[in-house]
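Colleague: Pasting in a structure now, in structure tokens, and then I'll have a few things to ask.
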Amino acid sequence: MAVILKGTEVRDALKKSLQEKIAKLGKPPTLVIIQVGDRPDSNAYITQKKRLGEELGIIVHHRVFDTDVAEEVLLSEIQKYNKDETVRGIIVQIPLPPHLNKDRLLEAILPAKDVDGLTARNTHALFTEQTGHIPATARGIITLLKFYNIHIAGKKVVIVGRSHLVGKPTALAFLKENATVTVAHKQTKNLASITRDADILIVAIGNPEFITKDFVSPGQVVIDVGINKNKEGKLVGDIKRSDVEPIVKALTPVPGGIGPMTVISLFQNLLDE
Ligand SMILES: NC(=O)c1ccc[n+]([C@@H]2O[C@H](COP(=O)([O-])OP(=O)(O)OC[C@H]3O[C@@H](n4cnc5c(N)ncnc54)[C@H](OP(=O)(O)O)[C@@H]3O)[C@@H](O)[C@H]2O)c1
């Protein structure tokens, strides 16, 4: 049976060092979260960020705008928080309604305050030796593997999913860690033979329990990024745990795996020097 890699355990172990960093700042830092509309998934993610932020002693300022808000209004809010020295991080919660230009809004955030790591400047840092904020899920996966002493350099890492938010930055972050990276997507042929060949398999597709026993092999470390509801309304990942757990070496659960790692990584980004 697989070892379960518990993101909750790693998150709890990291809390203390973040609290020490906050104490050294002398006053609590502020994180601003800008939300447009009232999507239930966004509400759930923001609640988790607020909960952990408050536990750590961070001021989380949650601004909610109507779904039909004008882009210029949001841009001027972002500019205001860019200039505000008490604000250390700004998040624009995505997805946004279709009338808003996501890239323009994200790009308006000062790279130093872009704790989601989605601006061009922070993305570019993943291509180079420069330092920048690594997108939280990518950072969270690497932190979790290191915590459990799972070596990355030289390993065959297969990432299924190539989104701007998860798949692509995770691929670049693992390349920076000297893994040999393959990125798969909907048009990938023979997906199961590619995933079975991985040492570390990372799945971020948003397709409930898509990865079954046919996609994995013994000795693998399997990371499930997916957060989905199945037909019965239960929270499940992209991996069918009951199928995969008896075969692989290690596996992240859903919930309690990469979700908590993403949230703690966001605060690590916020508190980085
Ligand atoms: N744990 C966390 O903290 C966290 C954070 C963010 C997201 N998530 C979850 O992670 C999942 C993915 O999120 P996302 O934002 O990356 O999703 P996304 O933007 O919808 O991207 C999904 C990616 O998966 C690929 N894909 C979908 N079905 C596939 C299939 N059957 N075979 C191969 N590739 C397939 C797509 O390929 P194409 O490019 O070819 O369309 C796309 O690249 C969701 O469940 C989301 O809720 C979790």
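The values are calculated or read from the model by the stated rules, or taken from the named source; none is laboratory data. Please read these numbers as outputs of a predicted model, since none were measured by experiment. Neighbour counts run over all protein chains shown; Cβ positions are idealised from the backbone, glycine included. Side chains are part of the model used for accessible areas, which takes the heavy atoms of the whole protein and leaves out ligands, DNA and RNA. Shrake-Rupley method; radii C 1.70, N 1.55, O 1.52, S 1.80 Å.
Colleague: Under unit Cβ charges (Lys, Arg +1; Asp, Glu -1), what dipole magnitude, rounded to 20 debye, does the range 173-273 have relative to its Cα centre?
Modeller: 380 debye
Colleague: Same structure, new question: Before rounding to the nearest 500, sum -39500 (n - 2.57) across all DSSP H runs of length at least 4 in the chain and divide by the residue total; then give [θ] at 222 nm in deg cm²/dmol.
Modeller: When only DSSP H runs of four or more count, the value is -12000 deg cm²/dmol.
Colleague: While we're on this one: Per residue and in cubic angstrom, what volume does the convex hull of the Cα atoms of the chain have?
Modeller: 129 Å³
Colleague: Further, regarding this structure: Just the number please: accessible area per residue for the range 126-273, 1.4 Å probe, all protein chains included, in Å².
Modeller: On the way: 6800 Å² over 148 residues.
About 46 Å² of surface per residue is accessible.
Colleague: With equal scatterers on the alpha carbons only and no solvent term, can you work out the Debye log10 of I(q)/I(0) for the range 48-113 at 0.12, 0.15, 0.16, 0.24 1/Å?
Modeller: -0.33, -0.52, -0.59, -1.16
Colleague: For a quick protection proxy, order the peptides 191-201, 71-81 by their average other-Cβ count within 10 Å, most packed first.
Modeller: So the order, starting with the most tightly packed, is 191-201, 71-81.
Colleague: Which whole-number percent gives the relative contact order of the chain, counting Cα pairs below 8 Å spaced six or more residues apart?
Modeller: It comes to 22 percent, rounded to a whole number.
Colleague: Could you order the peptides 217-223, 231-237, 263-269 from most to least packed, using the average number of other C-beta atoms within 10 Å per residue?
Modeller: Numbers: 217-223: 20.0, 231-237: 13.4, 263-269: 24.0.
Put in order of decreasing packing, that is 263-269, 217-223, 231-237.
Colleague: Starting from the amide H of ASP238, placed 1.01 Å from N in the peptide plane, find each other amide H under 5 Å away whose residue is 5 or more places distant or on another chain.
Modeller: Amide H neighbours of ASP238: GLU209, VAL225, GLY226.
Colleague: I would also like to ask the following. Going by the alpha-carbon gyration tensor, a ≥ b ≥ c the square roots of its eigenvalues, is the range 66-153 rounded (a/c under 1.5) or, if a/c is not under 1.5, prolate (a/b greater than b/c) versus oblate? Working shown, then result.
Modeller: Numbers: a/c = 2.42, a/b = 1.97, b/c = 1.23.
Judged from the Cα gyration tensor, the range 66-153 comes out prolate (a/c at least 1.5, a/b above b/c).
Colleague: Compute the helix-to-body angle for 167-176: its Cα long axis versus the longest principal axis of the chain, expressed 0 to 90° and rounded to tens.
Modeller: Tilt of helix 167-176: around 80 degrees.
Colleague: Against the longest principal axis of the chain, how steep is helix 258-271, in degrees 0 to 90 to the nearest 10, with axes from Cα atoms?
Modeller: Compared with the principal axis, the helix lies near 40 degrees.
Colleague: If the convex hull of the alpha-carbon atoms of the range 144-272 is projected onto planes in all directions, what is the mean projected area in square nanometres? Please list the in-between numbers first.
Modeller: Values: hull surface 32.2 nm².
So the Cα hull casts an average projection of 8.0 nm².
Colleague: Compactness ratio of the range 5-69: Cα Rg over 2.2 N^0.38 Å, N = residue count?
Modeller: Numbers: Rg = 14.2 Å, N = 65, 2.2 N^0.38 = 10.7 Å.
Rounded to two decimals, the normalised Rg is 1.32.
Colleague: In 10 Å bins starting at 0, how do the alpha-carbon pair distances of the range 10-156 split up by percent?
Modeller: Result returned by the calculation: 10, 35, 37, 15, 3.
Colleague: Give, in nm to one decimal, the length gained when the segment between ASP41 and ILE59 is fully stretched (0.36 nm per residue of separation minus the Cα-Cα distance). Walk me through the numbers before you get to the answer.
Modeller: Working: separation 18, 0.36 × 18 = 6.48 nm, distance 2.20 nm.
Value of the extension gain: 4.3 nm.
Colleague: Let me ask you something else. If you line up the long axis of helix 40-56 against the longest principal axis of the chain, both from Cα atoms, how many degrees apart are they, to the nearest 10?
Modeller: Helix 40-56 and the main axis of the chain meet at about 70 degrees.
Colleague: Kindly provide the chymotrypsin sites (Phe, Trp or Tyr not before Pro) of the range 100-154 that DSSP labels as loop, not H, G, I, E or B, and whose Cβ sees at most 16 other Cβ atoms within 10 Å.
Modeller: Here the sparse-neighbourhood loop sites are TYR148.
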